[in-house]
Amino acid sequence: MQYVYLHGFASGNNAQKANFFKEKLAGLGINLIIPDLNEDDFANLTMTRQINSVKKLIDPNSPVILFGSSMGGLLALLLAEELNNVSRIILFAPALEMVKRWTGRKDDMGQWKQAGSKMVYHYGYKKDMPLNYSFIEDLATYEDEIFTKKIPTLIFHGTQDTAVPHIVSVTYAKGKDYVHYHEVESDHSLEDQLDYMWQVIQEFIK
């Protein structure tokens, strides 16, 4: 069994949640793989590049459990559609409907396209970094509202999340008996819910 953690947008593989779960899983003798999706080239980040990068890490002959935070959650679901060995998915405030929300900002998108890039605060590097408009062009090629695989999925989402409204997870979980949705009083980071989430995750991955 492989365990892979996919961090969020403008984050990195040294994020607090990632390290917390890596340490907890290590206590069970499990190695949590946390790739750096920035690949030292945040400016040219795209969803396609992330998908291809993670696919290279995953052994197709072994079951895999995917953890995904924010945009990493959307990435996990997109990967699950392409791969045949994803056995479980664990999502933290997944950036569902990301395509619709980002491309729907017409004025902002127009300015970004005209400039070719825009400055984005990167929480991993702790500074503003340029991101090319190719990120949006690539993102727009993905449909993030229709997923066909019925894979056991665990979702945590905070009611105080201002980055990704929790209603997107509520909508996604509705009518899916294989999706277990946990709503908590927290923000997008969910960092004040780590112990609670770990208790639930331990049961889920048994």
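The values are calculated or read from the model by the stated rules, or taken from the named source; none is laboratory data. What you see is a predicted model; the values in this text were computed from it and never measured. Here the Cβ positions follow ideal geometry from the backbone for every residue, glycine too, while neighbour counts run over all protein chains shown.
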For the range 22-32, indicate whether the set of residues that are out of contact with any helix residue (DSSP H, G or I) (no Cβ under 6 Å at 6 or more places or on another chain), of a type outside the set (Ser, Thr, Tyr) and surrounded by 21 or more Cβ atoms within 10 Å (Cβ to Cβ) is non-empty.
no
May I ask you to list the residues in the range 84-126 that are surrounded by fewer than 16 Cβ atoms within 10 Å (Cβ to Cβ) and closer than 20 Å to Ala18 by Cα?
Ser87, Tyr121, Tyr123, Tyr125, Lys126
Top-ranked residue in the range 123-163 [being in contact with a strand residue (DSSP E or B) (Cβ under 8 Å, 6 or more places away or on another chain) and of a type in the set (Lys, Arg); ranked as nearest to Asp36 (Cα to Cα)]
Lys127
Tell me, yes or no, whether the range 26-38 has at least one residue that is at negative phi and in a helix (DSSP H, G or I).
yes
Would it be correct to say that Lys56 is touching a residue at least 24 places away in the same chain (Cβ under 8 Å) and of a type in the set (Lys, Arg)?
no
Is it true that Leu131 is outside any strand (DSSP E or B), at pLDDT 90 or above and among the hydrophobic types (A, V, I, L, M, F, W, C)?
no
From the option list Val54, Val4, single residue qualifying as outside any helix (DSSP H, G or I), touching a helix residue (DSSP H, G or I) at 6+ places or on another chain (Cβ under 9 Å) and under 24 Å from Phe204 (Cα atoms) is Val4
Selection over the range 166-181 where residues are buried (at least 17 other Cβ atoms within 10 Å of the Cβ), of a type outside the set (Phe, Trp, Tyr) and either free of Cβ contacts under 8 Å to residues at least 40 places away in the same chain or part of a strand (DSSP E or B) (or both) yields a count of 2
Residue that is of a type in the set (Asp, Glu), touching a Phe, Trp or Tyr at 6+ places or on another chain (Cβ under 8 Å), in a helix (DSSP H, G or I) and on the phi < 0 side of the Ramachandran plot, where the choices are Glu137, Glu81:
Glu81
The number of residues in the range 102-140 that are without any contact (Cβ under 8 Å) to a residue 40 or more places away in the chain and not acidic (Asp, Glu) is 19
Only one of these conditions is not met by Val164: (1) modelled with pLDDT of 90 or more; (2) over 29 Å from Asp195 (Cα atoms). Which number is it?
(2)
Six or more apart or on different chains, Cβ atoms under 7 Å: show the pairs whose first residue is in the range 35-47 and of a type in the set (Val, Ile, Thr) and whose second is surrounded by 13 or more Cβ atoms within 10 Å (Cβ to Cβ).
Thr46/Ser134; Thr46/Phe135; Thr46/Asp138
